[in-house]
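Enquirer: Sharing a structure with you now.
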Amino acid sequence: MLEIRDLDAAYGDIRVLSGVTLSVGPGEIVALLGPNGAGKTTLLNSIAGLLRPRAGAIRFEGEDLGALHAHLIVERGLALVPEGRRLFGGMTVGENLELGAFAPRARPTKAAGFERVYGLFPDLYQRRRQLVRSLSGGQQQMVAVGRALMTNPRLLMLDEPSLGIAPRLVRSIMASLAEINRAGVAVFLVEQNVQAALGLAHRAYVLEAGRIAGHGAAADLLRDPHVRRAYLGPLAVRE
Amino acid sequence: MSILAQQLVLGLLIGGLYGLAAAGLSLVFGVLKVLNVAHGELIMLGGYAAFWTVALLGLDPFVSLLVVVPLSLLLGVGLYWGLFGFVVRADEETRIKNSLLIGFGLGLALHALAVLLWTADERSIVTPYGGSITLAGLSIPIVRLASLLIALALIGGLHLLLARWRWGKAIRATAEDWQAALLTGIDVRRAYLLAFAIGTGLAGAAGTLVSIGYSTSPSIGLEWTLKALIVVVLAGLGSMLGTFVGGLVLGVAEAASAAAFGGPYREVVGLVLFVVVLVVRPRGLFGR
């Protein structure tokens, strides 16, 4: 579904990604792990069209995304929940969700989209008339996921959805991702919370210093000594 | 006392036009992050367009809005495609610098063009009706009162457009965070184009009302840009109704200082307000 081959990306002269190759299949949940500064956000922004890659190919369902503007990539069925949520704080929850259904592909499914989002996050229905900036971080993250879902995506990408959120809400968001996936949406998840990510994902890639340093089934990576040492802390190694 | 009150009423009346002039500048600045210092020249062009519409077609001065505003919208589309559309490709800091260069250049060119076409004479539209109504001992010129009400109606319409229309919401989203807007599938360049066209349309409307209630000449541009800029700083970005109120505040403050310290100080008060607001409340009275 999503095929990335030999992707290079840079900010100015600073090279961030080198030769990244990975894929996400239909219906899959794939996690991308890696330390801060490894280039995870850069990779997602390149796929979403916010950043033009230096070299390499990004194909989505066979189509090269390289030449498309970001809003047209949304139209193809690829949505990103960006790092830091990037909601429209001066607008209500309902308005934020409605804007998610702006693309032509999403307009016919707007009513169903609202139903789906409010079904996943009943809290948001109660707060649909509240300004987004008055919500807690966890609630805002739900709006961010909801806004992306409103675009009616076939592949949902998330950039650290658990960042700065209470553990209880992290579990609830991970559970909602599993539910979204059961409805047939593929998920590509960047996450610092490795335990949560590997608990959810089918497969995972490890990105270090801009290169793919490892990849495998999520269950295997959870047992991998290097992954455990690097991402699950010393306690996990001793265990 | 009644002289002061009379001055304040006149200040309020012109303040409505300050608000209308500022609304277009505020919209363009808030959405495109482009400071169009030729905004006053666009107001001047609107004034001439209205003058000639009335002179050549014999339309009622206020009805000329129906000609001038659509023409201004088209001019806005042309200016975006020809000039400002290139500026928004840069990052936001570069945009401000580049837009200042382009804006000053455009302003000078339009000024020169207006002198060439229409001479440097002042023109104003003569209305077939006139006079004043008297209210509590205050005399209120009917034409200026009508202009204030039209300005208020236009601002109200703009507010509704931004609140309810699909693309109005897209414009507000783009103003808040253009990258997030892209991620919801909004064609941000089109939101820019629409905002710029609407901003130019508002300038045309303001120019029409200026040449009806007051007068226009090729050199009024800079003055109106400054008034609009002061109001934008005073009111802050994000609320068109707030911008309108900011215009009223400036109009009344100018009138009060002219009454207190004499006419020459009228222009100073705006700049003082500008500095005070920047120091005390940088996001403006109504800014978000």
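Bear in mind these aren't lab numbers, they're just calculated from the coordinates by the rules spelled out. Keep in mind the model is a prediction, meaning the values are calculated, not measured. Heads up, the Cβs are rebuilt from the backbone with ideal geometry, glycines too, and the neighbour counts pull from every protein chain shown.
Enquirer: Specify the residue with the greatest mean-square fluctuation among B:232, B:34, B:275, computed from a Gaussian network of chain B linking alpha-carbon atoms under 10 Å apart.
Expert: Maximum fluctuation in the GNM of chain B, among the listed residues, is at B:275.
Enquirer: Okay, next question. Mind running the shape call on chain A? Use the C-alpha gyration tensor, a ≥ b ≥ c as the square roots of the eigenvalues: rounded below 1.5 for a/c, prolate if a/b tops b/c, oblate otherwise.
Expert: Here chain A falls in the oblate category.
Enquirer: Once label points are set 7 Å from the Cα along Cα→Cβ at both residue B:279 and residue A:131, what is their separation, rounded to one decimal in nm?
Expert: 2.8 nm
Enquirer: What order do you get for B:227, B:169 when you list them from fewest to most C-beta neighbours inside 10 Å?
Expert: Working: B:227 26, B:169 23.
Sorted ascending by nearby Cβ count, the order is B:169, B:227.
Enquirer: Check cross-link reach from residue B:97 to the lysines: straight Cα distance under 24 Å, and skip same-chain residues fewer than eight apart.
Expert: B:33, B:227
Enquirer: While we're looking at this one, here's another question. Roughly how far apart, in whole Å, are the Cα centres of segment A:63-113 and segment B:154-212?
Expert: 20 Å
Enquirer: Compute the FRET efficiency between residue B:6 and residue B:56 as 1/(1 + (r/R0)^6), taking r as their Cβ-Cβ distance and R0 = 41 Å, and round to the nearest 0.05. Walk me through the intermediate numbers first.
Expert: Details: r = 36 Å, r/R0 = 0.88.
That gives a FRET efficiency of 0.70.
Enquirer: Something else: According to a simple spin-label model (label point 7 Å from Cα along Cα-to-Cβ), what is the distance in nm between residue A:163 and residue B:126?
Expert: 6.7 nm
Enquirer: If you count, for every residue in A:61-70, the Cβ atoms of partner chains within 10 Å of its Cβ, what is the mean?
Expert: Details: counts 0, 0, 0, 0, 0, 0, 0, 0, 4, 10.
The shielding value for this peptide is 1.
Enquirer: Can I ask one more? Could you line up A:123, A:220 from fewest to most neighbouring Cβ atoms inside 10 Å? Write down the numbers at each step before the final one.
Expert: Values: A:123 18, A:220 14.
The fewest-first ordering by Cβ neighbours comes to A:220, A:123.
Enquirer: May I pose another question? So what is the diffusion coefficient of segment B:66-198 in µm² per second by Stokes-Einstein at 20 °C and 1.002 mPa s, using a Kirkwood Rh over Cα pairs?
Expert: Estimated via Stokes-Einstein, D reaches 118 µm²/s.
Enquirer: Taking beta carbons within 10 Å but only from partner chains, what does the mean come to for residues A:83-90?
Expert: 4
Enquirer: Measure out, as a whole number of angstrom, how far apart the alpha-carbon centroids of segment B:256-281 and segment A:153-210 sit.
Expert: 56 Å
Enquirer: How large is ³J(HN,Hα) for each residue in segment B:171-188, as worked out from phi by the Karplus curve 6.51 cos²θ - 1.76 cosθ + 1.60 (θ = phi - 60°), to whole Hz, x for Gly and Pro?
Expert: These are the phi-based 3J(HN,Hα) values: 5, 5, 4, 4, 4, 6, 6, 5, 6, 5, 4, 4, 6, 8, x, 7, 6, 4 Hz.
Enquirer: Please identify, among B:54, B:31, B:69, the residue showing maximal mean-square fluctuation in a Gaussian network model of chain B using a 10 angstrom Cα cutoff.
Expert: B:54
Enquirer: Report the semi-axes of the equivalent ellipsoid for segment B:2-280 in whole Å, largest first, where each axis is √(5λ) for an eigenvalue λ of the Cα gyration tensor.
Expert: Three semi-axes, in Å: 30, 22, 18.
Enquirer: Let me ask something additional. Calculate the mean, over all residues of peptide B:273-279, of how many other protein chain Cβ atoms lie within 10 angstrom of the residue's Cβ.
Expert: 0
Enquirer: Sort B:101, B:138, B:162 so the one with the fewest other Cβ atoms within 10 Å of its own Cβ comes first.
Expert: B:101, B:138, B:162
Enquirer: Note down the nm distance, to one decimal, between modelled labels 7 Å out along Cα→Cβ at residue A:229 and at residue B:108.
Expert: If labels sit at residue A:229 and residue B:108, their model points lie 6.7 nm apart.
Enquirer: Report the residue, chosen from B:111, B:39, B:159, that carries the largest GNM mean-square fluctuation when chain B is represented by alpha-carbon nodes joined by springs under 10 Å.
Expert: In this elastic network of chain B, the residue with the biggest mean-square fluctuation among B:111, B:39, B:159 is B:159.
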